[in-house]
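A.B. asks: My questions will all concern the structure given below.
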Amino acid sequence: MIKKVLSLFFALFIGLLFQNFGGTVGVSDNVKLFAHTLSLSDPAKYRPDTTVYTLYEARGENGVPTEYYMDVVSVYCLDEVCKVVPVRLYWNMMGDFVKYELRNNNKLEKADGKPFSSKDYEKLQTILSDKNSPLRDMAIGDILKTSSTEGVDAISGATTLVIDGKATIKGATLTCYTLWHWANGLIKQHIQSVTGSILTTNQLTAFLETGELDEKLFAIKQLKIHKAYDAKVAGLVLQAMATEELAKEGLNYFEQSADEVYFDAIAKIAANGTDEQVKICLRSLAGSTKKATPAYLNRLALQIARQQSYQMVDLYLELMDKKDNRTAEVVAGTMPLLDREILIARRAYWFLQHCDLSKAQQQQLKKFERENKDYL
Amino acid sequence: MKRRDFFKKGTQGAIGVSMLPVLTSSVSASAPDMADRSADNWQQLGSGKKGIPTRKKELTFDVVVIGAGMAGISAAVSAARNGANTLLLQDRPVLGGNASSEMRVTVNGVQSLNGKHTVERETGIVEEILIENRYYNPQESYPIWDHVLYDYVVRQKNLTLMLNTQAIDAVTSGNKIVKAICWQSTSETEFVIKSALFVDCSGDGLLAAKAGAEYRTGREGKAEFGESFAPEKPDGWVMGDTLMMISKDMGEPTPFYPPSYALKFDAEKANDRAVKQFKEGFWWVELGSEFDVIAVRESNRHKLMGYMYGVWDYIKNSGKYPEAANTVLDWVGSIPGRRESRRFMGDYILSQKDLEEYRHFPDSVAFGGWSLDEHCPGGIENLSDPPSYFHARFKQPYEIPFRCLYSKNISNLLFAGRNVSVSHMALSSTRIIGTCAMMGQAAGTAAAICARKNISPRKLGTDFIAILQEQLLRDDVYIPNRPAADSADWARKASAVFGSSTISGDVKLLYDGYSRDEAETIHHWEADGVNAELQLEWEKPIALSQILLKGDTNLQRQIMMHKNPEKNKNQVKGVPPELLKKVSCEGRINGKWVEIATVDNNLTRLIKLSFDTVNVTAVRIKLTETWGYKNAKLFEVRCYS
């Protein structure tokens, strides 16, 4: 559906276009090139000051971005030890790293001045493609220590940090760190933001039906930004909320919708969703400023008696407490819980204590109290 | 009064000495009595009278800790927190020992493992101190660090601190130390200190030595423990002392004129002694001894000053380091940092193989993991060898058994730090300050339990080791391969535990006995965002008065201060952002949720929510705010009556 990778020929062609057209907009037969200006922090610098970069977007004739690229430098010179080499990084329309490219015969070097071997170049591609690299959670300060050539000793405090050999190239840790963070850092958000602003609602909903998890998450986020809440779209989002992660993103989408769309979605999930999905919905509802009517809450309370886990019962009753919805319908739905296992029964008892009860119900509550004194 | 008389009449009063166990002291009968001021000729103008100053005091404690380096501080604070009336003695005007502003050795720990985790930071007291230092001393000033330590110590309940006080002698009875004879130089006062337990964390261990505790100096031969890196035959060499320095940039070329005692540095023969560390000193400007490193401390100090200035002269005036033209010495230590002297013998001597094979001990109480970083015999006077052999690095932390932390022949003596029962080769790794501090917490906790139960450390080790280990684990120590299993912990008996959300881990992992993520296994629960809640529910009401949480301080990242702040400038600043800043707790009492405790501006990984006893059927812990991280994350929850 979406072309993720351009041919090498095409990439080179685009590169030539960029040079010819001075970074504005290039045009070929089928592809247009757009320049986006971004302010970004350099990953190898501690200070959060930003530099202006140009992100290039290749857009196919169907109006869909096919690829992005940006020129970065491989490393910053620290103590005049390291070499600075421009590197071009490529991403797909979702902001996932695809490949790197060295232009104009540039070569990468290691700390001892030795050039990268062909295996090093291959390894770099593998390292940069690993979204879960240990480099992700490392601070630049740790890396600078790793690059130290000084010995290890308690009394000096000179330290050498060891990183998993698969995550770096010996002698080029800083290069790996810098490029990994360029390839997998905040740029993804920027690219998704550009892609999202270009795609139509129809193109986005197509992701919901057939896309991978990342694409679905992206689509829901973008549909929220597009304020796309007609019944068909809302229905597709609801269907897509199959995992916890998607349910959270879906809730974010529905929280921005009109009240009736939001309430309808929650009721549908409460009736048919998994416990994990329902938990997310009930917490959203408990914290929401949208005003649910007693009738709506009463309908929701029909779910209480069929809950199997204590946590779910607790969540429903917390919601009813919080919304001050202790109606006869809710009471009727809660009374049977007094016969369940003690945690659930006790929770129901404490809820019912604050409700208006019929005489029979009051007697039932008293009986529970007598029989379960030790548990209260 | 002469010392001989004191021993006859002192604390025993009129009872004849023959009726009591024989008290012995190494001070000879003819030695002058330091507290005797009968010859003073003092006219006190305020009172208008002649007088004799009082320069002798007697004190009694449950536990006395000698030496207030990081091991001693950890020992004393843990002893005091565990209920012992504790005295901490320090012979210097500042706390910290090797880590103090006087010596400025970095508080390194397990941080260069060759495994999935490279850093495996120590928790417990040493971590509390390092986090406080980041909060109170963001400027990374060493004099302020001294006072961060001072504040940390003096505010502890049950703990008395005496600075400028050295334990110079031991009075023993049988195989027991009865009293420590101490001299406080600033007040010219002799303190006679009686205690049930003595913990020698002084490094050199003068009190322990004078009490007759068995000790070694030098290097074991290969054969004794089968240590591959040991010399063929035993010899007398110990790793040396080092004098540190700090430089600064003047912004313009500034000359250096060496002092008269500078010793020329022979750079051509220096063998791997890199002189690039212009800003923080040269750890290889080091001198040991082949026989008795303590006896030559003063002459070695003088020579080390000469060598240090000699190296600096080489840097500034050889013409080979133009980049140092603007750099000047800003601080030079006058007391060398010490790596090794006496090693006191316990019921077990930890050796190289134990470390390399990651041997599991049923009485483990601490861990280490610094490389086998054995410095060469002779230090800077042995240029033909590299300054350190850096024999081997570890993949994971190794265990340190409790039997290394008490004397084999003095029944109420414990020790912690670099003077414990390890071989020379094992010491090349265990000597690191973070590791020493963990041993200190174990020894101090053990001493408090011994005092409470009136038992010896050996008895504690053989009969009650689980009590010691459980207390350490509760107090946020990590012991490899020893999960907590505290039967008093109500969290383990909860009928239901659930969190408001989960982004990684599982709430069940909060009571699995492990309070950190290990290299291969996670043990945490991380909520989606802050304002997270954790609820524990019991079938029947229980009486609770304390909830303990262990938060996240990112144990895979270093947080120690450095002589050269440039080295740390890229570290995450301040309190670890992952740590919870605000936490509160509600208890369900008679069916209603009632707030029972709140902690704000939290600085500790071990978060203690203490409150008057309440009967609850559930608690709801609200994790409201972190120091910057987006999610609330915990490693452990415990509930106690």
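The values are calculated or read from the model by the stated rules, or taken from the named source; none is laboratory data. Here the structure is a predicted model, which means the values were calculated and not measured. Note: ideal-geometry Cβ built from the backbone for every residue, glycine included; neighbour counts use all protein chains shown. These area figures cover heavy atoms from the full protein model, side chains too; ligands, DNA and RNA do not enter into them. Shrake-Rupley method; radii C 1.70, N 1.55, O 1.52, S 1.80 Å.
A.B. asks: Shielding by partners for B:452-461, please: the mean number of other protein chain Cβ atoms within 10 Å of each residue's Cβ.
C.D. replies: Counting other chains' Cβ atoms within 10 Å and averaging over B:452-461 gives 0.
A.B. asks: Going through the cross-link list A:LYS290/A:LYS322; B:LYS269/B:LYS320; A:LYS114/B:LYS276; B:LYS269/B:LYS303; A:LYS114/B:LYS269, which pairs have a Cα-Cα distance over 25 Å in this structure?
C.D. replies: A:LYS114/B:LYS269
A.B. asks: In addition: Between the stretch A:164-203 and the stretch B:321-354, what is the separation of their alpha carbon centroids in Å?
C.D. replies: About 43 Å separates the Cα centre of the stretch A:164-203 from the one of the stretch B:321-354.
A.B. asks: Could you look at the stretch A:226-375 and say what percent of its accessible area is carbon and sulfur, using a 1.4 Å probe and all protein chains?
C.D. replies: Heavy-atom surface of the stretch A:226-375 belonging to carbon and sulfur, 1.4 Å probe: 49 percent.
A.B. asks: With the other protein chains left in place, how much accessible area per residue, in square angstrom, belongs to chain B at a 1.4 angstrom probe?
C.D. replies: Ligands and nucleic acids excluded, the figure is 37 Å² per residue.
A.B. asks: Then there is this: What quantity of accessible surface, computed with a 1.4 Å probe and excluding non-protein components, is buried in total between chains B and A, in Å² to the nearest 100?
C.D. replies: Buried area between the two chains comes out at roughly 3800 Å².
A.B. asks: Another one. Could you sort B:LEU163, B:LEU536 by accessible area so the largest value comes first, with the probe set to 1.4 Å?
C.D. replies: Result, largest first: B:LEU163, B:LEU536.
A.B. asks: I'd like the mean, over residues of A:365-376, of how many other protein chain beta carbons sit within 10 Å of each residue's own Cβ.
C.D. replies: If you average over the peptide's residues, the count of other-chain Cβ atoms is 1.
A.B. asks: In addition: For B:ALA392, what residues show an amide H to amide H distance below 5 Å, using hydrogens built from the backbone and excluding near sequence neighbours?
C.D. replies: Those qualifying (amide H under 5 Å, at least 5 residues apart or on another chain) are B:LEU372.
A.B. asks: What is the packing order of peptides B:76-84, B:437-445, B:358-366, taking the mean over residues of other C-beta atoms within 10 Å and listing the highest first?
C.D. replies: B:437-445, B:76-84, B:358-366
A.B. asks: Roll a 1.4 Å probe over the protein chains and send me the accessible area per residue for the stretch A:310-376 in Å².
C.D. replies: 49
A.B. asks: Still on this structure, I have one more. So, counting K/R as plus one and D/E as minus one, what does the shell of residues with Cβ under 9 Å around B:PHE367 add up to?
C.D. replies: So the environment of B:PHE367 carries a net charge of -3.
A.B. asks: What does a probe at B:ASN326 reach in the stretch B:263-297, counting residues whose amide N is under 18 Å from the point 7 Å along Cα→Cβ?
C.D. replies: B:277-280
A.B. asks: Take peptides A:62-72, B:419-429 and line them up by average Cβ neighbours within 10 Å, highest first, as a rough protection proxy.
C.D. replies: Final packing ranking: B:419-429, A:62-72.
A.B. asks: Holding the Cα-Cα limit at 29 Å, pick out from B:LYS194/B:LYS408; B:LYS279/B:LYS573; A:LYS131/A:LYS227; B:LYS157/B:LYS540; B:LYS248/B:LYS550; B:LYS179/B:LYS408 the pairs that are longer than that.
C.D. replies: Result: A:LYS131/A:LYS227; B:LYS157/B:LYS540; B:LYS248/B:LYS550 exceed 29 Å.
A.B. asks: Mind listing the phi-derived Karplus ³J(HN,Hα) values for the stretch B:201-207, rounded to whole Hz, using 6.51, -1.76 and 1.60 with θ = phi - 60°, and x for any glycine or proline?
C.D. replies: My calculation for the stretch B:201-207 gives 10, 8, x, 6, x, 4, 4 Hz in order.
A.B. asks: So how strong a dipole does the protein assembly as shown carry about its Cα centre when Lys and Arg Cβ are +1 and Asp and Glu Cβ are -1, to the nearest 20 debye?
C.D. replies: 1860
A.B. asks: Let me ask you something else. Once you have a ≥ b ≥ c as the square roots of the Cα gyration tensor eigenvalues for the stretch A:336-376, tell me rounded if a/c is under 1.5, and otherwise prolate or oblate according to whether a/b is larger than b/c.
C.D. replies: Note, shape of the stretch A:336-376 comes out prolate.
A.B. asks: Just want to confirm a number: the relative contact order over the stretch A:244-306, from Cα pairs under 8 angstrom separated by 6+ residues, in percent.
C.D. replies: After rounding, I find 34 percent.
A.B. asks: Order of B:461-468, B:385-392, B:177-184 by packing, highest average Cβ count within 10 Å first?
C.D. replies: B:177-184, B:385-392, B:461-468
A.B. asks: Another question, then. Quick one: check the C-alpha center-to-center distance for the stretch B:528-558 versus the stretch A:314-331, whole angstrom.
C.D. replies: After rounding, the separation between the Cα centres reads 27 Å.
A.B. asks: Provide a whole-number value for the mean count of partner chain Cβ atoms within 10 Å of the Cβ atoms in peptide A:127-138.
C.D. replies: 1
A.B. asks: Which net charge results when you count Lys and Arg as +1 and Asp and Glu as -1 among the other residues whose beta-carbon is under 11 Å from that of B:ASP266?
C.D. replies: Residues close to B:ASP266 contribute a combined charge of +1.
A.B. asks: Find the relative contact order for chain B and round it to a whole percent, using C-alpha pairs within less than 8 Å whose residues are 6+ positions apart.
C.D. replies: Relative contact order of chain B: 16 percent.
A.B. asks: Next question, about the same structure. Take the alpha carbon gyration tensor of the protein assembly as shown, find the square roots of its eigenvalues, order them as a ≥ b ≥ c, and report rounded if a/c is under 1.5; if not, report prolate when a/b exceeds b/c, else oblate.
C.D. replies: Judged from the Cα gyration tensor, the protein assembly as shown comes out oblate (a/c at least 1.5, b/c at or above a/b).
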